[in-house]
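Report on the following structure.
The values are calculated or read from the model by the stated rules, or taken from the named source; none is laboratory data. Since the model is a prediction, treat every value here as computed from it, not as a measurement. Heads up, the Cβs are rebuilt from the backbone with ideal geometry, glycines too, and the neighbour counts pull from every protein chain shown. Side chains are part of the model used for accessible areas, which takes the heavy atoms of the whole protein and leaves out ligands, DNA and RNA. Shrake-Rupley method; radii C 1.70, N 1.55, O 1.52, S 1.80 Å.
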Amino acid sequence: MKKSNIYYILIFLLVLLVLHFLYAPFWGRFLYPFPYREEIHHSALEHDLDPNLLAAIIHVESGFDPAAVSAKGAAGLMQIMPETAEWAAGIMGFEAYNQDLLFEPDCNVKIGSWYLSGLMVQFCDDDLAVALAAYNGGRNRVRRWLSEGIWDGRAENIADIPLLETREYVQKVLNTYNQYRNIYE
């Protein structure tokens with residue numbers, strides 16, 4: 001290979017590197033979109049949560065599809081179980097609640113944010129990972145893991161979470177949360 005060809009390749013690579021740093025937020029926003037931003041920000045403020053955390057959960061849970069329904073029956077953006085939503089809506093004072101409201105982004109994010117906020121209060125003395133594990137695997141199951149010493153609740157020990165689905169979920173949300181913070185802050 002001629003020296004001039006090597007120089008062209010090096011210049012091309014340098015240009016690509018510069019373009020990457022200049023346009024990284026653009027590509028990041030493409031890979032990690034933030035629809036329903038107003039609803040998310042409003043609920044985050046109301047429940048003292050980071051909007052980037054809510055966006056990360058929604059990204060992992062439903063890919064921002066308000067009509068998403070899991071195989072287990074969780075519905076909407078934040079993939080809330082209908083029983084949990086009905087219980088939460090009663091405590092939150094929703095009038096004329098019905099399950100169809102889970103498919104309305106504003107309602108789903110309000111209920112999901114309220115529920116997550118409660119888990120954060122209950123579990124975050126340890127780590128955010130615990131609240132996320134409870135969001136996915138259930139508060140009673142996580143409480144048992146902690147009390148029996150199965151998992152110490154620390155993010156660096158996520159590999160000790162006994163339920164594979166919950167272990168993978170917590171890791172995905174934490175990684176996605178870091179992406180959202182880097183892109184949108």
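May I ask for the angle, rounded to the nearest 10°, between helix 82-92 and the longest principal axis of the chain, with both axes built from Cα atoms and the value confined to 0 to 90°? Long axis of 82-92 versus the principal axis of the chain: about 70 degrees. Per residue, the average separation of C-alpha pairs within less than 8 Å and at least 6 apart gives the chain a relative contact order of 20 percent.
Per residue, segment 64-143 exposes 46 Å² of accessible surface when a 1.4 Å probe is rolled over the protein heavy atoms with every protein chain present. Is the C-alpha gyration tensor of the chain telling us rounded, prolate or oblate? Criteria: a/c under 1.5 is rounded; beyond that, a/b larger than b/c is prolate, otherwise oblate. Prolate, since a/c reaches 1.5 and a/b exceeds b/c.
Shown are VAL60, VAL170, whose ranking by accessible area with a 1.4 Å probe and every protein chain present, most to least, is VAL60, VAL170. Helix content alone sets the calculated 222 nm mean residue ellipticity of the chain: runs of n ≥ 4 DSSP H residues at -39500 (n - 2.57) each, divided across all residues, give -21500 deg cm²/dmol. Amide H to amide H distances under 5 Å link ILE80 with ALA75, where only residues 5 or more positions off or on other chains count and H is placed in the peptide plane. The alpha carbon centroids of segment 96-156 and segment 63-84 are separated by 14 Å. Annotation: ARG154 carries an accessible surface of approximately 110 Å², with a 1.4 Å probe and no ligand, DNA or RNA atoms counted. Only protein atoms count toward the accessible area here, which uses a 1.4 Å probe; on the chain, the carbon and sulfur part of that area reaches 57 percent.
For the listed peptides 91-99, 158-166, a ranking on the average number of other beta carbons within 10 Å per residue, highest first, reads 158-166, 91-99.
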